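I have placed the structure first, in the form of structure tokens, so that the comments after it can refer back to it.
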Ligand code: KE4
């Protein structure tokens, strides 16, 4: 597999772009080697600038749940661009989109469109602070909520991949208002709440974590957080940028039957175009300008091209529940295949999987929080990553990321992934 075009592009990119990429986790820093520059994608495949084709399990970090270049979404975008690209004025599709989201996501009574998951989470905690008049927030170690200052404390995803879970540039003032606790540790949250009585505006979490690798909530944990927030007047925010519209039509909150006060959304909601959103209880959302005093704005919010892609995606998911049945089956099929290979090779490694979210951790320990996620053998993961790449399977270039399966994966692709996994593990473990 030759990658000279990607290497040439990467050298040039580093002259003009910090680290040669527009988002750090793409840089392959955690796995070694140079990033692949992608030229095109179709269905389950991506093709790099050297013409190499891979079955891909990142799907643009979540959005491409129907696979790449889905004709319905392509058609919607092609139609929309006939009417120009941006007006900076309200449009009919924004109303249709908002109503669709309200109907799909159980807890959302009102919703505001933004342009990324980061904008959505930044806005959600500002609204929670404006609504409660309180300053502090609780987040969880290893959870990632975008690059807003308040969240770059013990952050997961690219922050921990690059070794900067607490980023320089975040002021002490901001950091003092962000309290952190281990995920799945309810007592730690109760201790923080007692020590900061009446000062906590919001508790924000990924209801199923993707950003330390896939980590599931312990039995009863989400309900306990819900009860605690209700009792203490804390705004419970589910960051469903990753889980939204993926773990069920209504996201993790539908799957687990928990009603947060606010929900942040991204990725799938835009069908691959830049869209984020935050929404929830009417009494909270009516604090947002111009309905209320909490300011938040955006030139390209509700952009007509992005709305056309997002609306096509959400409408399809809303009208085709079989998507979720298929993704459940794919997740279980791949998990069973990987577990059979681990047994055959005599490797004791941990797999966390729910629906179409999946992580193989290079550790024998159960992975239930950030500390246990960090027991993984990152060098082993790097060797495995490249072993899968050369066998035509493109994984997230970091142990601290979830994989995402799409409906474009057919049985032949799944068989290829399982076979490549067994060979790559055998090679990486020097068996
Ligand atoms: P964006 O600003 O990247 O659209 O969304 C931030 C965000 C917020 N909340 C959750 C739960 C997220 O997973 C993300 C972004 N996810 C990462 C992947 N782990 C985006 C990939 C990247 O940083 O390049």
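All of the numbers you see were taken from the coordinates with simple rules; none came from a lab. Predicted model only: the values in this text are computed from it and were never measured. As a convention, Cβ positions derive from the backbone with ideal geometry for all residues, glycine included, and neighbour counts pool all protein chains shown.
Brief remarks follow.
- Relative contact order %, region 71-319, counting alpha carbon pairs below 8 Å whose residues are six or more apart: 31 percent
- Placing R0 at 45 angstrom, the Cβ-Cβ distance between residue 375 and residue 410 gives a FRET efficiency of 0.80 after rounding to 0.05.
- Within region 43-188, percent of DSSP bridges classed antiparallel, to nearest 5: 50 percent
- If you model region 127-238 as an ellipsoid using its alpha carbon gyration tensor, with each semi-axis the square root of five times an eigenvalue, the axes come out at 21, 18, 11 Å, biggest first.
- Residue 135-residue 364 FRET efficiency (beta carbon distance; Förster radius 45 Å; 0.05 resolution): 0.60
- Along principal axes, Cα extents of the chain, largest first, whole Å: 59, 55, 46
- Dimensions of region 71-319 from C-alpha coordinates, computed as largest minus smallest value along each principal axis and given longest first, are 56, 36, 36 Å.
- In percent, rounded to a whole number, the relative contact order of the chain is 22, using alpha-carbon pairs under 8 Å and six or more apart.
- Adding -39500 (n - 2.57) for every DSSP H run of four residues or longer, then dividing by how many residues the chain holds, sets the calculated 222 nm ellipticity at -12000 deg cm²/dmol.
- Listed residues 191, 350, 376, most fluctuating in the chain (Gaussian network, C-alpha, under 10 Å): 191
- Exposure proxy for 150, 116: other Cβ atoms within 10 Å of each Cβ, ordered fewest to most, give 116, 150.
- Rg and Dmax of region 1-159, both derived from C-alpha coordinates alone, stand at 19.6, 57 Å.
- Placing a label point 7 Å from the Cα of residue 419 along the Cα-to-Cβ direction, none of the residues of region 353-369 has a backbone N under 14 Å of that point.
- Cα-based Kirkwood hydrodynamic radius, region 302-431, one decimal, Å: 16.0 Å
- Sorted by Cβ density within 10 Å, fewest first, the residues 96, 193: 96, 193
- Relative contact order of region 1-121, pairs being alpha-carbon contacts under 8 Å that are 6 or more residues apart, as %: 15 percent
- Evaluating kT/(6 pi eta Rh) at 37 °C and 0.692 mPa s, with the Kirkwood radius of region 1-86 over Cα pairs in the Stokes-Einstein relation, gives 223 µm² s⁻¹.
- Note on region 235-295: percent of Cα-Cα distances in each 10 Å bin, starting at 0 and stopping at the bin with the largest distance, equals 23, 46, 28, 3.
- Exposure proxy ranking, count of Cβ atoms within 10 Å, fewest first, for 79, 48, 149, 261: 79, 149, 48, 261
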